[in-house]
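Chemist: If you scroll down you'll find the structure; I have some questions about it.
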Amino acid sequence: KSILGDKIAGVVLNQVEFPKLDYIHRRVLPFLEKNGLNTLGVLLNDPFLMSVTIRELAESLGGEIICCKHKQEELVERFSVGAMNVEGALSYFRKIKSKAVITGGDRGDIQLAALETNTQCLILTGNLYPNDVIIAMAEEREVPIMVVRSDTLTVVQRVEDIMSTMRISDRRKIDRAIQLVNDEVNFALLYERLQLK
């Protein structure tokens, strides 16, 4: 504001985490207003906007989808690593929705646990294929299984990179972003500041 002065129409706070929303409204917005900055909107962080399709994951990881290929346009919002015991895995997986579970291809117990919960995709590392029971259960629940050559740590690092980059070509994400902006941005104030009717 000290550089641009009245050329600033206002600010939009983006990717705000929900637990910080109360603090933003109680402290940050009054501070900005006191310093002559209009707040045009506060947009919450939406994991859906950072999601990727199973197909995009497979292409980026060089993975082979071995079942439920018709579901490869489904979106994955988060990922979980299955490297613990089964009881811990079940509890952990139940807390996370719309996820891909990354685990070793030799961890049938973790694969079964993942299929018991809201899992979008199984990513099996080490170029190891699941047994017929896992495949049958995945097909019954329509959960694609992807087999990749790399080890679990490498796959986790690669998935983190993929999911930290927003892709906006998916129509579902475009519609969600438009809705978010329409709901949360004060266009009347913006138009007034821009002297638009």
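Chemist: Express the relative contact order of the chain as a whole percentage, based on alpha carbon pairs under 8 Å and six or more residues apart in sequence.
Modeler: The value is 23 percent.
Chemist: Calculated from the structure, percent of Cα pairs over 25 Å apart equals which of [x] 53; [y] 48; [z] 35?
Modeler: The calculated read-out lines up with [y].
Chemist: Excluding same-chain residues fewer than 8 positions from K71, which lysines have a Cα within less than 27 Å of its Cα?
Modeler: K95, K97, K99, K173
Chemist: Here is a further query. Note the per residue figure in Å³ for the convex hull of the C-alpha positions in segment 1-88.
Modeler: Working: hull volume 17.2 nm³, N = 88.
Spelled out: Cα convex hull of segment 1-88, divided by residues, is 195 Å³.
Chemist: Calculate what fraction, in whole %, of the accessible area of segment 13-148 sits on carbon and sulfur atoms when a 1.4 Å probe is rolled over the protein chains.
Modeler: The value for segment 13-148 is 50 percent carbon and sulfur by accessible area.
Chemist: Per residue, how large is the accessible surface of the chain? Use a 1.4 angstrom probe and give square angstrom.
Modeler: Value for the chain: 59 Å² per residue.
Chemist: Okay, helix-only estimate at 222 nm for the chain: each DSSP H run of n ≥ 4 adds -39500 (n - 2.57), divide by all residues, round to 500 deg cm²/dmol; what do you get? Spell out each step's value before the answer.
Modeler: Values: 8 runs with 74 residues, N = 197.
Calculated from helices alone, the mean residue ellipticity at 222 nm is -10500 deg cm²/dmol.
Chemist: Still on this structure, please answer the following. Straight-line reach from K34: which lysines have Cα under 17 Å away, leaving out those fewer than 8 places along the same chain?
Modeler: K1
Chemist: Next question. Would you please put 128-141, 67-80, 108-121 in order of how densely packed they are, using the mean number of other Cβ atoms within 10 angstrom per residue and starting with the highest? Write down the numbers at each step before the final one.
Modeler: Numbers: 128-141: 14.4, 67-80: 17.1, 108-121: 20.7.
The most tightly packed comes first, giving 108-121, 67-80, 128-141.
The values are calculated or read from the model by the stated rules, or taken from the named source; none is laboratory data. Not measured: the values here are computed from a predicted model. Backbone-built Cβ (ideal geometry, glycine too); neighbour counts: all protein chains shown. Ligands, DNA and RNA are excluded from the accessible area calculation, which covers all protein heavy atoms including side chains. Shrake-Rupley method; radii C 1.70, N 1.55, O 1.52, S 1.80 Å.
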